[in-house]
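Taken together, the values in this text are just the output of simple stated rules run on the coordinates, not laboratory data. Source: prediction; values computed, not measured. Here the Cβ is made from the backbone with ideal geometry for all residues, glycine too, and neighbour counts use every protein chain on show.
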Ligand SMILES: Cc1cc2nc3c(=O)[nH]c(=O)nc-3n(C[C@H](O)[C@H](O)[C@H](O)COP(=O)(O)OP(=O)(O)OC[C@H]3O[C@@H](n4cnc5c(N)ncnc54)[C@H](O)[C@@H]3O)c2cc1C
């Protein structure tokens, strides 16, 4: 450790990691007046935060593991997030068929009763019992499934949640640098000196900061022991989860939660209007977090889960897209991967200038996690002492009530009558009121057409406002255009983006 210094510092907080936790903390801290730099080595949401099942949920399953604190916090957050992001987060009903071979009906009923009543002020409809022969939700189910339940949770466009937090952080003064890696950091008594590298140009810059937030997700332990040279007893356990996407299996708006004989559950969720998303698996992962891939046995497992319940069968050849990510779970030394706690742990080290590391977490609880991080840092950093503010401040584009969603779509369609109803709907789902920032009344202003309903105006907006730098950023994270564009359209879009990047270099 080196001598303290009174020199002016570049930043109050340096945040490593542009997933949901890093961007959520950046937004909160910047809004309280801190000078924030966030560095992300790849794209925003380039790893776990775009590979989730996309549920804003308390986690019904976690009740079996007595995770009441986590479930309660998550259910309260479900309400907050539905309010602050009514464009990218919406309520969804989940159908849970009962099977005599698996959990008894009384246990499901008791769990759902707790789920409905665990915290005050929940606005979503409560659980109902269903007899599938008399209910439209039973249409897709095999005849042996006679009864079940339907309950509420939420759905999120996960990678867009990350980007909206980053935009909000920037609007509160934070600097967000993607394709920028923390190389090393030297610790002094009251500040850090960090070296960060621009992955595109190779330029290395030195910055000074009062404290560091280690929000590196699957790399949290490597970063702590490596680049930051800090010891900690905490560690993570990497558990891979994979999903497949197939053409739409059912027309009802509900999702299905399917119990498997191994006690795991698999969701089948209506996805991007024409598809069904099926996931997830739970497999221990001891390889690099940089390249995580679904394997054949996971695809088979997911198909079999669905085929056990639905009267339409799915096979690996139906899969149009698949993705996998690793959960960096706080290692509580549980036996099997499904039993490892989904709760998070914050590790603050003040043996010199502060560093706080995040172990575990859920997308659903990111906002509350950010508040807890700030609370822990505040005694060491009075600059963070302002009131918490993010529970009521809407995310960019979310400045309308949930019930007014259709009115927003109609207003956009009035402004730009040439848009199809589906495109107006998609644009409000992705951008909320900010769709109007690049959609004008003049159809010609849309510019070059790249396939599906993607035009130059939107691509330019994603590059200039949302840090998109590559074709993957646009087709898999800012939107899901990859499900609809042909290979030649993707190539054309990539050439356009590369041209724009070269012009800006
Ligand atoms: C299969 C699966 C399903 C899930 N489903 C749900 C769900 O339905 N609902 C829910 O609430 N949660 C869900 N989760 C959990 C949720 O996705 C994660 O808790 C969350 O995304 C973790 O975010 P993060 O910011 O901690 O990590 P990440 O999103 O991984 O972000 C960490 C970032 O740090 C960057 N980084 C690392 N090292 C450096 C460095 N040296 N310099 C610069 N940057 C660096 C990485 O590139 C990475 O982008 C799921 C997770 C998985 C894997």
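Taking a ≥ b ≥ c as the square roots of the eigenvalues of the alpha-carbon gyration tensor, the chain is classed oblate because a/c is 1.5 or more while a/b is no larger than b/c. Taking label points 7 Å from Cα along the Cα-to-Cβ direction, residue 387 and residue 198 give a separation of 4.0 nm. In the chain, helices alone account for a calculated mean residue ellipticity at 222 nm of -8500 deg cm²/dmol, with every DSSP H run of four or more residues adding -39,500 (n - 2.57).
Bridge orientation summary for the chain: considering DSSP beta bridges with both residues in this region, about 80 percent are antiparallel. Could you tell me which of rounded, prolate or oblate describes segment 147-260, using a ≥ b ≥ c as the square roots of the eigenvalues of the alpha-carbon gyration tensor, with rounded for a/c under 1.5 and, failing that, prolate when a/b is larger than b/c and oblate otherwise? It comes out prolate by the Cα gyration axes.
Approximating the spin labels as points 7 Å out from Cα along Cα→Cβ, the residue 273-to-residue 457 distance works out to 1.7 nm.
How high is the FRET efficiency between residue 102 and residue 345 when r is their beta carbon distance and R₀ equals 30 Å, given to the nearest 0.05? Mind dumping the intermediate values first?
Values: r = 31 Å, r/R0 = 1.05.
Taking R0 as 30 Å, the efficiency between residue 102 and residue 345 is 0.45.
Sort out for me the Cα centre separation of segment 269-307 from segment 201-255, rounded to whole Å. One Cα centre to the other: 19 Å.
Sorted from fewest to most neighbouring beta carbons within 10 Å, what does the list 206, 362, 147 look like?
Details: 206 10, 362 25, 147 14.
The order, fewest Cβ neighbours first, is 206, 147, 362.
Taking segment 113-193, how much of its Cα-Cα pair set, in percent, is spaced more than 19 angstrom apart?
Working: 2261 of 3240 pairs.
Pairs farther apart than 19 Å: 70 percent.
Calculate the length of the line joining the C-alpha centroid of segment 404-482 to that of segment 369-397, in whole Å. Value for the Cα centre distance between the two parts: 32 Å.
Students often check this: by mean Cβ neighbours within 10 Å, which of 441-450, 350-359 ranks highest, and how do the rest follow? Before the final figure, lay out the partial values.
Values: 441-450: 13.2, 350-359: 21.5.
Per-residue Cβ counts within 10 Å, averaged per peptide and sorted highest first, yield 350-359, 441-450.
Measuring from label point to label point, each 7 Å out along Cα→Cβ, what is the residue 332 to residue 248 span in nm? My value for the distance between the label points is 4.0 nm.
Shape class of segment 51-90 from the Cα gyration tensor (axes a ≥ b ≥ c, square roots of the eigenvalues): oblate, since a/c reaches 1.5 or more and a/b does not exceed b/c.
Quickly rank 115-127, 235-247 as a protection proxy: mean count of other C-beta atoms within 10 Å, highest first.
Numbers: 115-127: 14.2, 235-247: 21.5.
So the order, starting with the most tightly packed, is 235-247, 115-127.
Multiply the residue gap between residue 464 and residue 442 by 0.36 nm, knock off their C-alpha separation, and tell me the result in nm, one decimal place.
5.9 nm
Evaluated at q = 0.20 Å⁻¹, the base-10 log of the normalised Debye intensity for segment 402-504, with identical point scatterers placed on the Cα atoms, takes the values -1.04.
Hey, with R₀ at 45 Å, roughly what FRET efficiency would residue 133 and residue 68 work out to, going by the Cβ-Cβ distance, to 0.05?
On the way: r = 35 Å, r/R0 = 0.79.
Efficiency computed from Cβ-Cβ geometry: 0.80.
Straightening the chain between residue 291 and residue 318 buys 7.3 nm, computed as 0.36 nm per residue apart minus the Cα-Cα spacing. Packing, taken as the mean count of other beta carbons within 10 Å per residue, orders the peptides 47-59, 84-96, 321-333, 387-399 from highest to lowest as 47-59, 84-96, 321-333, 387-399.
Give me the Kirkwood hydrodynamic radius of segment 254-395 in Å, from all C-alpha pairs, to one decimal place? If you can, show how the numbers build up before the last one.
Numbers: mean 1/r = 0.0541 Å⁻¹.
One decimal place: 18.5 Å for the Kirkwood radius.
Could you work out how much longer the chain between residue 378 and residue 260 gets when fully extended? Use 0.36 nm per residue separation minus the Cα distance between them, nm to one decimal.
Numbers: separation 118, 0.36 × 118 = 42.48 nm, distance 4.51 nm.
My answer for the length gained is 38.0 nm.
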